[in-house]
Amino acid sequence: MPPPDLPVELWLEILSYLPRTALHKMIGVNRILFELALNDLYEEVRFISDDRDTLKTFEQLKHLGIANRVRHLFIRPAFLPGTDEETESTFKQKLASGAAYLRNFTKNPSSITFNDSFNDPSYEILETAKIAVKACPNLHEITIVLHDLALTPLFMLFLDSLWASDSIGPNLRKLSIDTTVIKLPLLLNPLTKRSKLLTNLEEFDINISVTRLNQTPTDWHFASGALVAFLAAFKATLTSLTFSSLINRDLGTLFESFPRLRKLKKFEFLSVFNATSVPQTEDFTKFISRHAPTLETLVVKPHARHITVNTSDDTYSIWLNHNDALESERLYSFAQLVLPKLRTLDIGLRDMHGDMEGTERALMPDLSRVTPNLTSLIITDVRLSSRRVFSLLNTLGQREGGSLLERLSFTCVYISPPLFDLLAKNLPRLKSLTIEYASFSPKPEHQPFVNDEFYTDFYKVMQARSYPRWGLEYLRLVTPYHCGGAHPIVSVMESVAESLPKSVVLDTELTCQCKPGIYFNF
């Protein structure tokens, strides 16, 4: 007898406790799981290889029931010829010839010959992919990853076809590009020219990566111009901009050239921030200030999305909280900004002097002035002492009944019962709390260690705590593990949860590759 169907919400709750592959094994259980499994299988189409499996995937998109499930196209064409056996000048000549070929074909489609097509071994897969994506009415997101590979004329024609009126173009909402300086104009310029067709593009994510080729000032000039022109073409539709860079170029001047994006609600900056990359902090600060009327989410990290040899210096720390900035008429520091619409701030810190006794310098400015309506605060990259946590809480915007903050995430040296006393007192509206800590202590002035004795003391002191007016709904307490990630400490979370007036969700999910069940339990 087949099992009775459960509500979709209940199946989703059950599946949240299982590895992703479990869903595929349950595809034959009932109709709900069949539909969920197909959605998972075809939600993202990955175009990496030109092998038979990839060709089969694109051929399957001829079926409407499959094509309707596709939401995201990921393109990282590993089948394109590499540059290992080519000289740098030869590679740049191929790039130029590919771009010229695309321009000529756009003007005269009949210029492509039969031999041109079949001399390229990727012809079949590119033609099949071009037809297949046109059949996906719900495909709204494209990711393109192109580094040191030679762009063939047929591949560039395939990319250009994506932006056409009978393909993805009019439905495209999110575009992510990870590429090098040299290729940036080749990828962005066709999009800029078709901007009148891409009327629904709302999110743009750009990552400028390193290359084995020598990048000249001329290359950077053309890349910067292409990026500025792209943003100018879509300034009326973009609501989210993510900028990440692994190269050490003058980004301040670049941001000074960026237009105001009229609907920008979210801005992410993930890049090295030093005297070379941002020699004039005024330019970068003004870009953020221009979007103060609309900006709701701001993410700033003094490091790129991927590992790089370049590092941030004190330029970033000074920009974040310059002591004398408020007295200046020039706008060159984060501390001078006023962002009334901002609700979420995700900020990476950099400590110039370390958290030493007697160090008076605050890592953050007065947030009650910069972000008076902040409801979500995420702080990363620096472990805060109890003293700095206290100092930070005093800078938050206040209303009747306490701070407006509803979500808080930070990393600290250690947790203690007095720390939770402080959080409960100063953040009465807090609903979500995430803390990564190195150790714990029963009292703030105690030397912290991680062992059974100190956990016992911590637990005993927490048992005497009660926060009847603290409406916390979500709690996640993690500590670094040798895998490089952070693992949840279930017993510590439970001891804190017992002090709360109502049940709280304890997040025990692992974000690393370790198997579920590997937790610290003291």
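The values are calculated or read from the model by the stated rules, or taken from the named source; none is laboratory data. Please read these numbers as outputs of a predicted model, since none were measured by experiment. Positions of Cβ are generated from backbone atoms using ideal geometry, with glycine treated the same way; all protein chains shown enter the neighbour counts. Areas reflect the complete protein model, heavy atoms only, side chains present, ligands, DNA and RNA absent. Shrake-Rupley method; radii C 1.70, N 1.55, O 1.52, S 1.80 Å.
Structure values in brief
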| quantity | calculated |
| --- | --- |
| Residue check for His140: open to solvent by 20 Å² or more (accessible area, probe 1.4 Å) and at pLDDT 95 or above | yes |
| Positions within the stretch 396-421 being surrounded by fewer than 17 Cβ atoms within 10 Å (Cβ to Cβ) and touching a helix residue (DSSP H, G or I) at 6+ places or on another chain (Cβ under 7 Å), in sequence order | Gln398, Gly402 |
| Given (1) among the small types (Gly, Ala, Ser); (2) in contact with a helix residue (DSSP H, G or I) (Cβ under 9 Å, 6 or more places away or on another chain); (3) within 25 Å of Leu175 (Cα to Cα), index of the condition Ala275 fails | (3) |
| From the options Asn207, Asn248, Asn214, Asn189, residue that is assigned to a strand (DSSP E or B), more than 17 Å from Phe287 (Cβ to Cβ) and either in contact with an Asp or Glu (Cβ under 7 Å, 6 or more places away or on another chain) or open to solvent by 10 Å² or more (accessible area, probe 1.4 Å) (or both) | Asn207 |
| Residue identified as at pLDDT 90 or above and closer than 25 Å to Glu406 by Cα among Ala486, Ala497 | Ala497 |
| Test: residue in the stretch 51-73 that is surrounded by 15 or more Cβ atoms within 10 Å (Cβ to Cβ), in contact with a Pro (Cβ under 7 Å, 6 or more places away or on another chain) and either at pLDDT 75 or above or over 24 Å from Glu141 (Cβ atoms) (or both) | yes |
| Counted residues, the stretch 397-455 - those being among the small types (Gly, Ala, Ser), more than 27 Å from the chain's Cα centre (by Cα) and at pLDDT 90 or above | 1 |
| Residues being open to solvent by 70 Å² or more (accessible area, probe 1.4 Å) and either modelled with pLDDT of 80 or more or in contact with a Ser or Thr (Cβ under 7 Å, 6 or more places away or on another chain) (or both) - total across the stretch 319-352 | 4 |
| Residue within the stretch 85-104 that is modelled with pLDDT under 95 and farther than 28 Å from Ile206 by Cβ present | yes |
| Residue check, Asp166 modelled with pLDDT under 95 and charged (D, E, K, R) | yes |
| Only one of Asn214, Asn207 that is of a type outside the set (Lys, Arg) and modelled with pLDDT of 95 or more | Asn207 |
